[in-house]
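One structure is given below, encoded as structure tokens.
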Amino acid sequence: MRILQLHSNFINYKPIQKEIAVAEEAEKQERRLEEIVVLFTAVEEGDNEAVAKKAIDEVQAFLEKLKVNRILIYPYAHLSSNLTKPADALKVIKAMEARAKEIGLETYRAPFGWNKQFTIAIKGHPLAEQLRVILPAEAEVKKEEKVSEAVKAEEKMKSLWRILQLDGEILPVEKFDFKGRENLEKFARYEISKVRASEQMPPHVTLMKRLEIADYEPGSDPGNIRWYPKGRLIKSLIEQLVTNKVIEYGAMEVETPIMYDFGHPSLADYLNRFPARQYILKSENKELFLRFAACFGQFLLVHDAQFSYKQMPLKVYELARYSFRREQRGEVVGLRRLRAFTMPDCHAFCTDLEQAKKEFIVRFKLCMQILEEIGLSKDDYEAAIRFTKDFYRENKRFITSLAKIFGRSVLVEIWKKRFFYFILKWDFNFVDNQDKAAALSTDQIDVENAKRYDIVYVDEKGEKQHPLIMHCSPSGAIERCVYALLEKAYKEQKNGKPPMLPLWLSPTQVRIIPMSDKHLEHAEKLADALETQHLRVDIDDRTLTLRKRVREAEMEWVPYIIVVGQKEIESDALPVRDRKTGKIRKMKLQELISEIEEIVKGKPLKPLPLPKHLSRRPQFYG
RNA sequence: GCCCCGGUGGCUCAGCCCGGUAGAGCGGCAGCCUCGUAAGCUGUUGGCCGCGGGUUCAAAUCCCGCCCGGGGCUCCA
């Protein structure tokens, strides 16, 4: 028996004329059914009542998932070329109907033996369309084979979850003592069972709006974000920092297109593994898709390059703004997961596993350093290392050495067989205020794509070889870094500390508040002096009370606030309100400049993204 | 994609259950206050009650569809 099962918004059908002698009696009336699972059914030779029962039971298990309780059994011969005799078929169909009613389904049936016209609207979700093949008991053996094939695939994907300790010992997750390692526990739980509960809005969503960093864009697709001047500054600074670090590491920065031709031979095969997750667009007679990583562009570019083992490892980098993934509707949240995001993506092409392992360590350290510089310390994230069983057997010490560099126990995921294109992968994961985890940096050793893209290098013997490819995002998506920083700030607030951004990312580093308009001129002088040292300084020249302006500066997370009045004109000691401590420190201007310069040393610099005078600024939110 | 909750001036929200003239606080604007470190006072502006359809004499309110947001699933090479 074959059943084409369609979850439908509605179906309209109308019997037109009898086709065969055994056709049932029916009225030639149009019928409409809504919110229904339609079962186009072909009864094949050898099917019997047991098959009918089994078919309905299988369907029912599925209906529970969909939370639908209404079916239409629609005889449909065209599904099979091995049909049984019509009279037997009708019997089996009736048996299906009886079974369905028996187990409490709201059951409808289209008449058997008629030529019918129909219109159907099928829902868009992945489970909406399914083909079932139900075989009679005799054929059970054959079916077993098929199942075992499926089970094998399933088996391949089965993951073992463990905790790898620094001494190299691997413990089952239940046996590990998570005392003092609550984040690792939350991360492990998130990865393994994904159980979580939360009623509140993610804190970073409220913050990104209130601080005028970013917001949803109702005029776009979900997961496409609008960035206000302050947010653009923060993002752009992080982008610059990551890019600088990766270039320092030795990668060559390139730029590749954001859209690709579906028909390109190297891409077609790769894409077949990731169906229906891209944005697709048409241009003239071509079908294009938007990139979901910088891999395509870089692979195609390196495919055309000529290089030998002497130039390896060969490192290529791109800040992929944007990468697009049409994530499922329910998964797109704030800045945690977007449909359009900025992905720093660095590939390294290595001669062999030995070289790859060496490079892997270099990049592991690089990623830790980059996160640290962004403002996420090792306490803010947890590591996961994922590999195949085979790889572990041969590389125990290597994997343990990664954990040692990380300095703490890590979560490991072990695959019995390789089913991705990589044999080893690690990722750093931020655990947020809702106990959800989001991956930041990651690196992988890819053993497949060099062949797929026909990327070759020339070895010592002058022979062409496929390299190993390492895929690394040194920071993870830039937007996700902003998410992590905001969530981290919120955590600190919960712990009684003032929430803030790292000084080098604070849109306003120093705010000067003149007591009254009589003191504005002096404020301007101080601001100019700070500005020439490349600090971001602004002046709150609005005619509001002092208390109110101080309050607003604090709510904007301004790290240093200086109130300027008559005393400051007469003396060069400035009352600097330090957000970190909440105290007012008497400082000379030069002392403040030195302090800030020391803290932001080595970080990218950018000017204030807004008018210097607060009276000249629009309000983007609130 | 599925299930649950929500969408009301720029922002946060009340009103909806039980249909009958749209409300508050914040913000904006104007005026006063010229101020010593987290909200000064007064006045005023501002709303196709997310969009479309239906029921009704009458819809922010009831019903249906869609869009957007949040949560839970699923998914996450």
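The values are calculated or read from the model by the stated rules, or taken from the named source; none is laboratory data. Bear in mind the structure is a predicted one, so any value in this text is a computation, not a measurement. Cβ sites come from the backbone with ideal geometry, for glycine too, and all protein chains shown count toward neighbours.
Taking the criterion of being surrounded by fewer than 21 Cβ atoms within 10 Å (Cβ to Cβ), part of a loop (DSSP other than H, G, I, E, B) and in contact (Cβ under 8 Å) with a residue 40 or more places away in the chain, no residue of region A:439-453 qualifies. For region A:229-244, a residue qualifies if it is surrounded by 21 or more Cβ atoms within 10 Å (Cβ to Cβ) and touching an Asp or Glu at 6+ places or on another chain (Cβ under 8 Å), and the qualifying residues are A:Lys230, A:Gly231, A:Lys235, A:Leu241. Across region A:298-323, the qualifying residues are those that are within 20 Å of the chain's Cα centre (by Cα) and of a type outside the set (Ser, Thr, Tyr), and the one among them that is farthest from A:Lys357 (Cα to Cα) is A:Arg321.
Quick check on my filter: what residues within region A:25-41 are touching a helix residue (DSSP H, G or I) at 6+ places or on another chain (Cβ under 9 Å) and of a type in the set (A, V, I, L, M)? If the condition is that a residue be touching a helix residue (DSSP H, G or I) at 6+ places or on another chain (Cβ under 9 Å) and of a type in the set (A, V, I, L, M), then A:Val37, A:Leu39 are the ones that fit. Summed over region A:326-355, residues that are more than 17 Å from A:Cys295 (Cβ to Cβ) and more than 17 Å from the chain's Cα centre (by Cα) total 5. Within 16 Å of RNA strand B (Cβ to nearest atom), within 21 Å of A:Ile399 (Cα to Cα) and not in a loop (DSSP other than H, G, I, E, B), is that true of A:Ile361? No; evaluated as a whole, the condition is false for this residue.
Consider region A:188-228 and keep the residues that are of a type in the set (Gly, Ala, Ser) and surrounded by fewer than 16 Cβ atoms within 10 Å (Cβ to Cβ). The one that is modelled with the lowest pLDDT is A:Ala197.
For region A:585-609, which positions are outside any loop (DSSP other than H, G, I, E, B) and not acidic (Asp, Glu)? A:Arg585, A:Lys586, A:Met587, A:Leu589, A:Gln590, A:Leu592, A:Ile593, A:Ser594, A:Ile596, A:Ile599, listed by residue number. Listed by position, the strands (runs of 3 or more DSSP E) inside region A:256-353 whose residues that are closer than 26 Å to A:Phe364 by Cβ and not β-branched (Val, Ile, Thr) number at least 3 are A:314-324, A:340-350.
Every residue, every condition in (1) closer than 28 Å to A:Lys491 by Cα; (2) within 13 Å of RNA strand B (Cβ to nearest atom), yes or no:
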site	(1), (2)
A:Phe398	no, no
A:Ile405	yes, no
A:Ser409	yes, no
A:Ile414	no, no
A:Arg418	no, yes
A:Asp427	yes, yes
A:Gln434	yes, yes
A:Ala438	yes, yes
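Pairs linking a residue in region A:199-223 that is in a strand (DSSP E or B) to a residue that is near RNA strand B (Cβ under 7 Å from one of its atoms), with Cβ atoms under 6 Å and 6 or more positions apart or on different chains, are A:Asp215/A:Lys209. Under the condition of being surrounded by 19 or more Cβ atoms within 10 Å (Cβ to Cβ) and within 22 Å of A:Ile478 (Cα to Cα), the residues counted in region A:335-365 number 17.
The single condition from (1) buried (at least 18 other Cβ atoms within 10 Å of the Cβ); (2) of a type in the set (A, V, I, L, M, F, W, C); (3) away from RNA strand B (no atom under 13 Å from the Cβ) that A:Leu574 fails is (3).
Give me the residue from region A:513-564 that is closer than 12 Å to A:Leu574 by Cβ and within 11 Å of RNA strand B (Cβ to nearest atom) and, out of that set, farthest from the chain's Cα centre (by Cα). Out of the qualifying residues, it is A:His522. Look at region A:325-344: where a residue is on the phi > 0 side of the Ramachandran plot and a partner is surrounded by 19 or more Cβ atoms within 10 Å (Cβ to Cβ), sitting 6+ places away or on another chain with Cβ atoms under 6 Å, you get A:Gly334/A:Pro202; A:Gly334/A:His204; A:Gly334/A:Val205.
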